[in-house]
Amino acid sequence: MEPLLGVKIGCLFALLTLTLVCGLIPVCFKCFQIHAATGRHRRVLSLLGCTSAGVFLGAGFMHMTPEALEGIESEIQRFLMQDRK
């Protein structure tokens, strides 16, 4: 196995483990559960939820932007060619 491939596989498993551990924190601790949270904890959990939703929306839009710009650019070129005729 090449050293770079080993590093990539190691990083993959480290990222998987870190994601699972961080994702299970709200399940394991009562203070992170939304129905048990009160006052400031509830506000913090709400802000964290909104932030994570924003990250997912931003990543989705950034992923779609190149294809959208490519389509818009081709339509503009086609419109300009029709205008010249």
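Given the protein chains as shown and a 1.4 Å probe, how many square angstrom of ILE9 are accessible, to the nearest 10?
Ignoring ligands and nucleic acids, ILE9 comes out at about 70 Å².
Go through PHE61, PHE56 and list them by solvent-accessible area, largest first, probe radius 1.4 Å. Write out the running numbers ahead of the final one.
Details: PHE61 120, PHE56 160 Å².
Of PHE61, PHE56, the descending order of accessible area is PHE56, PHE61.
Just read off the accessible area of VAL44 with the full protein assembly in place, 1.4 Å probe, to the nearest 10 Å².
It works out to around 70 Å².
For the chain, what is the Kirkwood estimate of the hydrodynamic radius, computed as the reciprocal of the mean inverse distance between distinct Cα atoms, to one decimal in Å?
Final number for the Kirkwood radius of the chain is 17.6 Å.
Where only protein heavy atoms count, and the probe is 1.4 Å, what is the accessible area per residue for the chain in Å²?
Heavy-atom SASA per residue in the chain reads 93 Å².
Mind putting a number on the dipole of the chain about its Cα centre? Charges go on the C-beta only, +1 for Lys and Arg and -1 for Asp and Glu, and I need it in Debye to the nearest 20.
560
Can you pull the percent of the chain's accessible area that's carbon plus sulfur, 1.4 Å probe, other chains left in place?
Ligands and nucleic acids excluded, carbon and sulfur give 72 percent.
The values are calculated or read from the model by the stated rules, or taken from the named source; none is laboratory data. Quick caveat: nothing in here was measured; it's all calculated off a predicted structure. Cβ sites come from the backbone with ideal geometry, for glycine too, and all protein chains shown count toward neighbours. When the accessible area is computed, the model is the full protein with side chains, heavy atoms only, and any ligands, DNA or RNA have been set aside. Shrake-Rupley method; radii C 1.70, N 1.55, O 1.52, S 1.80 Å.
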